[in-house]
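Right, one structure below, let's go through it.
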Amino acid sequence: MNLSLGRSVWLCLSLSLCALLAVPGVAPGLGGEARLTLAVFALATCAWIAAPVDDTHVALGAGLALTATGVISADTLFDTLGDETIWLLICAFVLAAAVTRTGLAGRAAAFLVSGARTVRQLVHLTTAALVVTAFAVPATSGRAALALPVFLSLAKALSERRRLVVMLALLFPTVVLLSAVATLIGAGAHLITVSLLLERTGERIGFVEWLVLGLPLAVVSSHLAAETVLLTTTRRADRREPVRITAAQLQEHSPTAVSGPLTTEETRCLLLLGTVIALWCSEPVHGVSPAVVALIGAVVASSPMLGTVRLKDGLGAVPWPMLLFMAATTAMGVALVDSGAAGWLVGGLPDGMPAWLFLAVVVVVGTAAHLVLQSRSARSSVLVPLVMAAAVGAGVDPVAAALASTAAAGFCQTLPASAKPVALFSEPPDGVPTFTPRDLLRLSAVLAPLSAALVLLFALVVWPLLGVPVLLESQP
């Protein structure tokens, strides 16, 4: 295998760190298990950044290395696969497969977008539709794939207005990525964060709690991003000219009907999805776990009489490699904390750092981390354990710090390769005009600081009003 210069540099850095950790005199306060954990993390991070190896293979290899060396037990490694958050995501994907097959998402998009009369209305109605999909389709890549036909229909209807098509090509992946924070199932990184918080602090953030904290941020950040995309990509003359999108135009790229009466399957699926979401949101009333609710919904959605998708096809839509990746990286996060490696890494932070400054650093690092680690879940598995350990030392509530880090990591659209939704819309089929890397960089230069400032504002002002304090309870 030929290594490029960049890959060679990362490999040399990780091997050098491993060699230093093997020297007893280096870092005298670091125990043997912590040294092994840091070495494994260094190699795994290097592989995630530079090696042409699947991220899941790297995570599984790291988890096995930590288990074989005794840093974590086999039960710790395998129990992550049985976590209820994993089951929640599995069942959510089965439900999403049922929704996708019926075409309900296309109907909802057509209903909203066809009401637009101005460019600004089109942008914000499209944004609202994309935010809603976070409740029906887990994972950003799945939502982007679901939204692509809608974009192609809009691009065809607006084919004579190239700048508007380029603007929409930027809008779709941007909103998909930033709106994922609305729900617990919006990204695998959220489930990793929740699992690590439960493991280390005993704080359980359920579907409703995440919804209360994440949905306002998702709505504000998505519409702020939509306005930013609009202003940085189009001219005033483009925005003044009216638009008219009809259901017939959207129908051309949709395999299912986007208008007219609902079919029997669509009605059943809509009732089922509405019931599941209602039960998720009313968990404090009935006390049934969201994972159990999702399992009931998945069984009904795939049942012979009431379902709209076969169980085999529904399970086939589940991204099993991603689930294995999440389980392995969660176990790695546990090892980083339990071995004392996380505490040692953050032990050199200056004392007396103000809470707002600490959270600002967390948000900036989380926002910029996608330039190094492309996987959102990998970023959480590396950053969240360190952030939680550092938060305790700084007197900051680890829940607030972990949420801020995870929310900030939702910004990952600087380069086409930074996220799968961006890559998907950077080369759409049918010769549709799309954005260039220069367009993406120009948008990122404006949107990155805005997104980071918004997350920091929520962490310092909004989330404390919703029950997540900035400071630990023991702090004055």
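The values are calculated or read from the model by the stated rules, or taken from the named source; none is laboratory data. Everything numeric in this text was worked out from a predicted model, so none of it was measured. FYI the Cβ positions are ideal-geometry reconstructions off the backbone, even for glycines, and counts take in every protein chain you see. To get the accessible areas, we keep the full protein, side chains included, count just its heavy atoms, and leave off ligands, DNA and RNA. Shrake-Rupley method; radii C 1.70, N 1.55, O 1.52, S 1.80 Å.
Considering each residue of the range 27-48, count those that are more than 24 Å from the chain's Cα centre (by Cα), within 20 Å of residue 61 (Cβ to Cβ) and at pLDDT below 75, and give that number.
The qualifying residues number 0.
Check every one of the helices (runs of 4 or more DSSP H) wholly within the range 128-234 and list those with 3 or more residues that are surrounded by fewer than 20 Cβ atoms within 10 Å (Cβ to Cβ) and touching a Ser or Thr at 6+ places or on another chain (Cβ under 9 Å).
Because the criterion is at least 3 residues that are surrounded by fewer than 20 Cβ atoms within 10 Å (Cβ to Cβ) and touching a Ser or Thr at 6+ places or on another chain (Cβ under 9 Å), the helices (runs of 4 or more DSSP H) in the range 128-234 that meet it are 207-233.
For residue 304, state whether it is open to solvent by 20 Å² or more (accessible area, probe 1.4 Å), at pLDDT 80 or above and assigned to a loop (DSSP other than H, G, I, E, B).
Here the answer is yes, as residue 304 does meet what is asked.
Looking at this structure, is residue 417 in a helix (DSSP H, G or I), modelled with pLDDT under 85 and under 20 Å from residue 38 (Cα atoms)?
Spelling it out, it is not the case that residue 417 is in a helix (DSSP H, G or I), modelled with pLDDT under 85 and under 20 Å from residue 38 (Cα atoms).
In the range 112-127, which residue that is closer than 19 Å to residue 229 by Cβ and part of a loop (DSSP other than H, G, I, E, B) is most open to solvent (accessible area, probe 1.4 Å)?
This residue is 118.
Would it be correct to say that residue 404 is in contact with a Cys (Cβ under 6 Å, 6 or more places away or on another chain) and within 23 Å of residue 191 (Cα to Cα)?
Judged against the criteria, residue 404 is not a match.
Which one of the conditions (1) part of a helix (DSSP H, G or I); (2) aliphatic (A, V, I, L, M); (3) surrounded by fewer than 22 Cβ atoms within 10 Å (Cβ to Cβ) does residue 288 fail to meet, given that it meets all the rest?
Every condition holds for residue 288 apart from (1).
In this structure, does residue 70 turn out to be at positive phi, in a loop (DSSP other than H, G, I, E, B) and open to solvent by less than 50 Å² (accessible area, probe 1.4 Å)?
Yes, satisfied.
Report yes if residue 378 is in contact with a Leu (Cβ under 9 Å, 6 or more places away or on another chain), assigned to a helix (DSSP H, G or I) and either open to solvent by 10 Å² or more (accessible area, probe 1.4 Å) or more than 21 Å from residue 444 (Cα to Cα) (or both), otherwise no.
So residue 378 does not fit the description; no.
Considering only residues that are in a helix (DSSP H, G or I), open to solvent by 30 Å² or more (accessible area, probe 1.4 Å) and touching a residue at least 60 places away in the same chain (Cβ under 8 Å), which ones fall in the range 73-99?
Hits for the range 73-99 are 76, 81, 84, 87.
Among (1) in contact (Cβ under 8 Å) with a residue 12 or more places away in the chain; (2) in a helix (DSSP H, G or I); (3) of a type in the set (Gly, Ala, Ser), there is one condition residue 423 misses while meeting the rest; what is its number?
Just one mismatch for residue 423, condition (1).
Determine which member of the set 424, 447 is over 22 Å from residue 145 (Cα atoms) and either exposed (fewer than 15 other Cβ atoms within 10 Å of the Cβ) or in contact with a helix residue (DSSP H, G or I) (Cβ under 6 Å, 6 or more places away or on another chain) (or both).
447
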